[in-house]
Amino acid sequence: MVWDQSATQGSESKKCCWEVAPYLRGRGIDLGAGYFKILPQAISVDNGDHNQTFGMSCVADLKMDATKLDLFANNSLDFVYSSHLLEHIEDYKAALKEWWRVVKSGGKLALYLPHKDYYPNVGTPGANPTHVHDFLPKDIINAMIDICDKTKFDLLECQERNNDDEYSMLLVFKKIDARHNAYFHKREKPAKSVLVCRFGAFGDLMQASVVWAGLKEQGYHVTLMTSMPGAEVISQDPNIDSIMLLDKDQIPNGDLGQFWRWQAKKYDKFVNLSESVEGTFLAMPGRVQHTWSPKARHSVMQHNYVQFQCDLAGIPRRSDVKFYATNEEKAWAKKQRSKMGEYTVVWSLAGSSVHKTWSGLDAVIAALMINYENVHVVLVGGPECVILEAGWEKEPRVHLTCGKWSIRESLAFTQVADMVIGPETGVLNAAANEDMPKILFLSHSTVENLSRDWKNTVSLYGIGTRCPGRDSDEVTACHLMHFGWDHCLKNAEQGVAQCQVDISVQSVCEFAMRFIDERLQKAA
């Protein structure tokens, strides 16, 4: 489109908001934001000229000159974004140099500007009287080449945007540690592409690994839209070609539909796995399903999580969940394993919700220490699990790794363990298709939901549980999402969910010892 007076004006950033959003992660600034900030988490910087020139009421987070970012240190920001600003600045190269100065290595400089071929040039009828420059993309690229002396850039996007009511261009530069500039935007486009959206915790991403594996087999170039920390566990998955990372709440929930529709247009296929488990087979507080009786929820939500995600993606049903460790991680895991006993158990202590902790840990470990001389137990979890390790500091056969090992190290080590025990966590999900025996403590999920297709797995759930989600033990799981104790019964004496207290220590000991005895007898 070539600009005319009927074109939408005054909120140019709205036109490219969903396009540029994936590049605006972390801490950054929106220069010359006016009355529309590109994303809520951005820091708006404006000198207030809109208020005087156009009679607009805008309050910036920082009122300052966009060409002098003295408040920000060198290499301190994840992104700098500006829309329709640079053309107003006389010494635009000096401004670019200042903006580039505050971008950290790996950070982005995103520029949305009127395009010389689509917008009235300086001094012509209809031109903005405060413009002092007309730009083509090559002008900005050449300016960046001039100012990037000690640093280099990778040009990620170079778009001429003249559809609908746009008359602009979008350039996104990434600061890189390299000897030469790069031009990623010139990459060859894949013949067959798919965008898969899956936000969630470690276990959610592990379950969904079957989806991109299936899509890859169908010949797709796979891009995954996800967030941290869940993305850690799939960062080395060979079935994923590209990862579009977003921060938590970077896109407001109310705007996700618009954002998804915009991004989906750029791919041949869009697979949205959002709420493929939570919200569909695990009722969310505040939604009508959460008020249903336990039997009613069970009748509707008794379906396999992984199978449903395969159906959503349009791939044949499969269950080969897989964590991919790097060669370095595998070597590290084997080295750690070599320091331990003949038989090693990985115990995942807690998951992402309050109900994913079992109370009989100490009793079972004590039984294993007493009955076996060469059995070692490795306790894994995040920093919040350190308290659950208490009491075992002086036992050399119990290894306390919570808050010390990363999630990837824990999963890599799990692959060389002899047995895995724990609740519905990412560790257990990652081990689902591994051959070693597993003891799984179910809480809000059933065997059909979660572990139906897992290899060599004993799935235990509370017997006789009476709680808000199961009533008088009417069903084997509540099928509820829990974000606290509001709808989950906390056992006052043991401090964990009642459904977990109702999984007996005796049953866990019996299965664990059976697995150990079978392995040791074979070795003998």
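Bear in mind these aren't lab numbers, they're just calculated from the coordinates by the rules spelled out. These figures come from a predicted structure and were not determined experimentally. Note that we place each Cβ from the backbone using ideal geometry, even for glycine, and neighbour counts take in every protein chain shown.
Each helix, a run of at least 4 DSSP H residues, gives -39500 (n - 2.57); summed and divided by the residues of the chain, these come to -7500 deg cm²/dmol at 222 nm. Charge tally for residue 495 (other residues, Cβ to Cβ under 15 Å; Lys, Arg +1; Asp, Glu -1): -2.
Run down the lysines and flag those whose C-alpha is under 19 Å from the C-alpha of residue 522, throwing out any fewer than 8 positions away in its chain. Within the straight-line limit of under 19 Å, residue 522 reaches these lysines: 438.
Of the DSSP H helices in the chain, those that are both long (alpha-carbon extent of 15 Å or more along the helix axis) and hydrophobic (Kyte-Doolittle mean at least -0.5) are 137-147, 361-371, 505-523. As a rough guide to protection, the peptides 79-87, 283-291, 31-39, 204-212 ranked by mean Cβ packing within 10 Å, highest first, stand as 204-212, 79-87, 31-39, 283-291. All other residues whose Cβ lies under 12 angstrom from that of residue 377 are scored, Lys and Arg at +1 and Asp and Glu at -1, for a net of -3. In vacuum, with every alpha carbon of the stretch 122-189 counted as one equal point scatterer, what does the Debye formula give for log10 I(q)/I(0) at q = 0.21 Å⁻¹? Two decimals, please. For the stretch 122-189 at q = 0.21 Å⁻¹, log10 I(q)/I(0) is -0.95. Binning the alpha carbon pair distances of the chain at 10 angstrom intervals from zero yields the distribution 3, 16, 23, 20, 16, 12, 6, 2, 0, 0, expressed in whole percent. Counting every alpha-carbon pair across the stretch 300-404, the share separated by more than 23 Å comes to 47%. Residues within the reach of a label modelled at residue 472 (point 7 angstrom out along Cα to beta-carbon, backbone nitrogen below 18 Å), restricted to the stretch 492-524: there are none. Charged side chains reduced to their Cβ positions (Lys and Arg at +1, Asp and Glu at -1) give the stretch 193-313 a dipole of some 360 debye around its Cα centre. Diffusion of the stretch 83-160 by Stokes-Einstein, at 10 °C in a medium of 1.306 mPa s and with Rh set to the Kirkwood radius over alpha-carbon pairs, works out to 118 µm²/s. For a 22 Å ceiling on Cα separation, which of these pairs sit above it: 138/186; 339/455; 97/266; 15/175; 108/138? Checking Cα-Cα distances, 339/455; 97/266; 15/175 exceed 22 Å. Per residue, the average separation of C-alpha pairs within less than 8 Å and at least 6 apart gives the chain a relative contact order of 11 percent.
Report the normalised scattering of the stretch 145-270 as log10 I(q)/I(0) at q = 0.12, 0.19, 0.20 Å⁻¹, calculated by the Debye formula with identical scatterers on the alpha carbons. Results for the stretch 145-270 at q = 0.12, 0.19, 0.20 Å⁻¹ read -0.59, -1.23, -1.28.
For the stretch 339-523, what is the charge dipole size about the Cα centre, in debye to the nearest 20, if Lys and Arg each add +1 at the Cβ and Asp and Glu each add -1 at the Cβ?
So the dipole magnitude of the stretch 339-523 works out to roughly 300 debye.
In this simple spin-label approximation, residue 142 and residue 492 carry label points 7 Å from Cα along the Cα→Cβ vector, and these lie 7.9 nm apart. Between the residues 212, 127, 115, the greatest Cα displacement towards the positive end of the dipole of the stretch 90-213, with unit charges on the Cβ of Lys, Arg, Asp and Glu, is found for 212.
Positive contributions from Lys and Arg (+1) and negative ones from Asp and Glu (-1), summed over other residues with Cβ under 13 Å from the Cβ of residue 335, come out at +1. For the stretch 370-524, the equivalent ellipsoid derived from the alpha-carbon gyration tensor has semi-axes of 27, 19, 16 Å in decreasing order. When the charge dipole of the chain is built from unit charges on Cβ atoms (+1 for Lys and Arg, -1 for Asp and Glu) and taken about the Cα centre, the candidate among 17, 331, 277 whose Cα reaches farthest toward its positive end is 331. Dipole magnitude for the chain: about 900 debye, using +1 per Lys or Arg Cβ and -1 per Asp or Glu Cβ, origin at the Cα centre. Applying Stokes-Einstein at 4 °C and 1.567 mPa s to the Kirkwood radius of the stretch 13-186, computed over alpha-carbon pairs, gives a translational diffusion coefficient of 79 µm² s⁻¹.
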